[in-house]
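What follows is a short report on a single structure.
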Amino acid sequence: MTRPAVGAALAPRPSCGSRHGGELFGRGASAAPTPARLALLGTGNVGSAVLERLQRLGDRFELVHVANTRQASGDFDAAGIVIDATASEAVAERHAEWLARGVHVVTACKLGQGGPLRRWRAIRDAAAAGGARYGDSATVGAGLPLLRTIRALRAGGDRIHGIAGVLSGSLAWLFDAYDGTRPFAACVRQAQAAGYTEPDPRDDLSGEDVRRKLLILARAAGFELESDAVRVESLAGASDDALRDRLAAARASGGRLAFVARLQDGVASARLEVLPPDDPLATGRGTDNRVALWSDRYAAQPLVIQGPGAGAAITAAALLDDAIAVSTR
Ligand SMILES: NC(=O)c1ccc[n+]([C@@H]2O[C@H](COP(=O)([O-])OP(=O)(O)OC[C@H]3O[C@@H](n4cnc5c(N)ncnc54)[C@H](OP(=O)(O)O)[C@@H]3O)[C@@H](O)[C@H]2O)c1
């Protein structure tokens, strides 16, 4: 994807006219709603896809600020919604402050809620105290209805008993693509080129990305875990021989390899597992995320949510869906 320069992104866009194509429908003439003012932080894979998708949304949003690490344009203080499309600790550290100031925050970055518990609590408290909302559906499952389902179950009186999931689109893709005929590292390079990996693929291979996602889900489910409470197996140093052996063992048992995150009775872990063919997590393909949820009403059979869980375009769509939601409620 060609990435627009930051300055070009803020150049006046040709007017798309009213969303009714210049005609008046229904209950008569009413003033066009004021566009919500956006600041976009990050113009990489996801940020560029946000810029592209904004073109489809006509006059709903006005982009008042765009920044990456090299340049910034426009007036950040004019924004009513900040979109965080970075992987920056420094940006995540400011989420709570912006919420406290009444600025909505919509994020693809997991470092806000999947980082230190202190930061997660600060974001939760700031969102609860003020008039600003936090849009996080792009952080886990790239917009799949995971967090909103957990929250809806809890709001409906359920306790969450357990969560098991293939939460990394890039690791899902890698273990779908890896057949032992070429080095695992070659598959990693292909995933990176396709934009499936984290900005630094070591975040995927070390399991850190999955740790953060499991923390986000667990905390939403009512388990306020510290980051180090998740036991994580790192694949960063795994040799090709070792991975080929594990693949062969999985196939010999009729199963398949998957990097699985689990939360059971408040105990959290993430590691490479052999899933039997009838496991609810064994069915996905490509970058599919698969998550099984057990709760009071789903005690015997889990609720299973599955779908593509990585990629700049769907992540950008999830961010802008959240931006629409926070600006219209
Ligand atoms: N790719 C996916 O499928 C996917 C899915 C779900 C969530 N996410 C999350 O989305 C975020 C972005 O991912 P990506 O793949 O787009 O990463 P990326 O291509 O590396 O882009 C990151 C962008 O953030 C900018 N940036 C870093 N620190 C900044 C700061 N302090 N202020 C302003 N801009 C800053 C970078 O600036 P420079 O251009 O100057 O380096 C770059 O433009 C990550 O948190 C990732 O975990 C990605």
* Accessible area (Å², per residue) of the stretch 147-308, counting only protein heavy atoms and a probe of 1.4 Å -> 44
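Show L303, L167 ordered by accessible area, largest first, where the area counts protein heavy atoms only and the probe is 1.4 Å. Each step should come with its number before you reach the end.
Working: L303 45, L167 0 Å².
Sorted descending by solvent-accessible area, the residues read L303, L167.
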* How big is the charge dipole of the chain about its Cα centre, in debye rounded to the nearest 20, if each Lys and Arg gets +1 on its Cβ and each Asp and Glu gets -1 on its Cβ? -> 580
* Asked: Rounded to the nearest whole Å², what accessible area per residue is found for the stretch 90-131 with the 1.4 Å probe?
  -> 39
* Mind pulling the angle between the C-alpha long axis of helix 184-193 and the longest principal axis of the chain? Nearest 10 degrees, somewhere in 0 to 90. => 10
* Rounded to the nearest 10 degrees, what's the angle between the helix 208-220 long axis and the longest principal axis of the chain, both from Cα atoms, 0 to 90? => 70
* Between A252 and R329, what length in nm is gained on full extension when 0.36 nm per residue of separation is reduced by their alpha carbon distance? -> 22.4 nm
* Structure fact -> Between the modelled labels at R244 and Q71 (7 Å from Cα along Cα→Cβ) the distance in nm is 4.7
* Structure fact -> Tilt, helix 240-252 to longest principal axis of the chain (alpha-carbon atoms), in degrees rounded to tens, equals 70
* **Antiparallel DSSP beta bridges within the chain, percent to nearest 5** => 60
* Asked: Out of A218, A194, A310, any idea which swings most in a Gaussian network model of the chain, alpha carbons joined below 10 Å?
  -> A194
* To do: State the percentage of accessible surface on the chain attributable to carbon and sulfur atoms; use a 1.4 Å probe and exclude ligands, DNA and RNA.
  => 51
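Please find the FRET efficiency linking A129 to Q192, where r is the Cβ-Cβ separation and R0 is fixed at 56 Å, and quote it to the nearest 0.05.
0.90
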* Run the 1.4 Å probe and let me know the accessible area of C187, rounded to the nearest 10 Å². => 0
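The values are calculated or read from the model by the stated rules, or taken from the named source; none is laboratory data. Every value quoted in this text rests on a predicted model; they were computed, and no experiment measured them. Here the Cβ is made from the backbone with ideal geometry for all residues, glycine too, and neighbour counts use every protein chain on show. Heavy atoms of the whole protein, side chains included, go into the accessibility calculation; ligands, DNA and RNA do not. Shrake-Rupley method; radii C 1.70, N 1.55, O 1.52, S 1.80 Å.
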